[in-house]
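Read the structure below first, then the notes.
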Amino acid sequence: MLRLRRLRNNENIRSLVRETRVCKDDLVYPVFVCEGQNVKNPVDSMPEIYQYSIDAFDEELDRICRAGIKAILIFGIPDHKDECGSGAYDENGITQRAVRHIKEKCPDMIVIADVCLCEYTSHGHCGLIHNGEILNDETLPLLAKMAVSLAKAGADIIAPSDMMDGHTRVIRQALDDNGYKNTLIMGYSAKFASGYYSPFRDAAHSSPSFGDRKTYQMDPANGREALRECEADIEEGADIIMVKPGLAYLDIVKAASDRYDYPLAIYNVSGEYSMVKAAAMNGWIDEKRIVMENMMAMKRAGAKIIITYHALMVAKWLDEETL
Ligand code: PBG
Ligand code: ZN
């Protein structure tokens, strides 16, 4: 008789044959930095996530370092917005200042900078607009300028999330031309027009003031096209590719990991976080079990890097396991 249960006899056997492991090295923690002094604003739809002013961020940075997390993804929230998102590529913009500050305090922390205009534009779209159309080619130089200014501020990895065609090539070229040959690019390669981003848009004040993002972000129905997006990013010079959102798109993670020999990241986005937190706060699920199971599922599907708002808790739970 085939006795598969033998492999489950006890925890030591189970751990001997365990195929997938989550570790701290895999985690990226997204953070929000805003203007002002001594600010620590809770994000209502994301329990335990805050917007920090740069000075107040030190205590959070300390927590992140002590937890053993080695990479953060930074989102700046500017006070001033305009039509062309000029705060995005201002050398003294909120994100540039925050990156400089963090790299000064904590030089070994891997700082990943999101590159997109939506937090900085008055209309909340990820590109320039003319007659209601989101312009592709006209947006590219601004993204390149933003990427260079963030690399100059000290960002280790540039992560373009705007979904404009050709952006990765233009950004790679601009980084190289300005002496940032060693700055990595992590493409938000397959980024879907998803309802799962809404808590993030509360946190980053980046909702579009009209329309939606469906002319640039992908149709959730399209798995094959997602692979073409990954291919385009690789071809244009991305070092790391990404699928976003995470849990509802594990088929694409699996396909991308089977197909490409590039480090693969998955973004376990804000809505996924909020759903788990809400259910946990109601006592309907066991937060630790569910979160760790989700982390495992994302790795099992083939992701190496997990960008998650749960990162601090996951790090804590991993410590408990090794005690
Ligand atoms: C900016 C950006 C978004 C997210 C990451 N970068 C929002 C969007 O595209 O509307 C979403 C992240 C999350 O939901 O956690 N373009
Ligand atoms: Zn955007």
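Here are a few things to note about the model shown:
- Residue list for segment 127-152, filter: among the hydrophobic types (A, V, I, L, M, F, W, C) and either assigned to a loop (DSSP other than H, G, I, E, B) or within 17 Å of Gly85 (Cβ to Cβ) (or both): Leu128, Ile129, Ile134, Leu135, Leu140, Leu142, Leu143, Ala144, Met146, Ala147, Val148, Leu150
- Cβ-Cβ distances below 8 Å connect the following pairs, each with a first residue in segment 101-118 that is closer than 30 Å to Ile134 by Cα and of a type in the set (Gly, Ala, Ser), a second residue that is within 13 Å of ligand 2 (Cβ to nearest atom) and assigned to a strand (DSSP E or B), and a separation of six or more residues or different chains: Ala113/Ala159.
- In segment 205-214, the residues that are within 7 Å of ligand 1 (Cβ to nearest atom) and of a type outside the set (S, T, N, Q): Arg213
- Just one residue in the set Asp202, Asp176, Asp239, Asp219 is charged (D, E, K, R) and touching a Pro at 6+ places or on another chain (Cβ under 8 Å); that residue is Asp239.
- All told, Gly127 falls short of being within 22 Å of Ala265 (Cα to Cα), in contact (Cβ under 8 Å) with a residue 40 or more places away in the chain and within 16 Å of ligand 2 (Cβ to nearest atom).
- Of the residues making up segment 137-168, just one is in contact with an Asp or Glu (Cβ under 8 Å, 6 or more places away or on another chain), over 19 Å from Asp239 (Cα atoms) and within 15 Å of ligand 1 (Cβ to nearest atom), namely Thr139.
- Sole exception among (1) within 14 Å of ligand 2 (Cβ to nearest atom); (2) within 30 Å of Lys105 (Cβ to Cβ) for Met163, by number: (2)
- Scanning segment 13-68 for residues being part of a loop (DSSP other than H, G, I, E, B) and in contact with a Pro (Cβ under 9 Å, 6 or more places away or on another chain) gives a total of 7.
- Residues (surrounded by fewer than 20 Cβ atoms within 10 Å (Cβ to Cβ), over 21 Å from Val111 (Cβ atoms) and away from ligand 1 (no atom under 13 Å from the Cβ)) located in segment 169-202: Arg169, Gln173, Asp177
- Test: residue in segment 238-257 that is surrounded by fewer than 17 Cβ atoms within 10 Å (Cβ to Cβ), at pLDDT 95 or above, of a type in the set (A, V, I, L, M) and more than 16 Å from ligand 2 (Cβ to nearest atom): yes
- Hey, Asn182 among the polar types (S, T, N, Q) and at pLDDT 95 or above or not: yes
The values are calculated or read from the model by the stated rules, or taken from the named source; none is laboratory data. Note that the coordinates shown come from a computational prediction; the quantities given were computed from them, not determined experimentally. Glycine also receives a Cβ, built like all others from the backbone with ideal geometry; neighbour counts cover every protein chain displayed.
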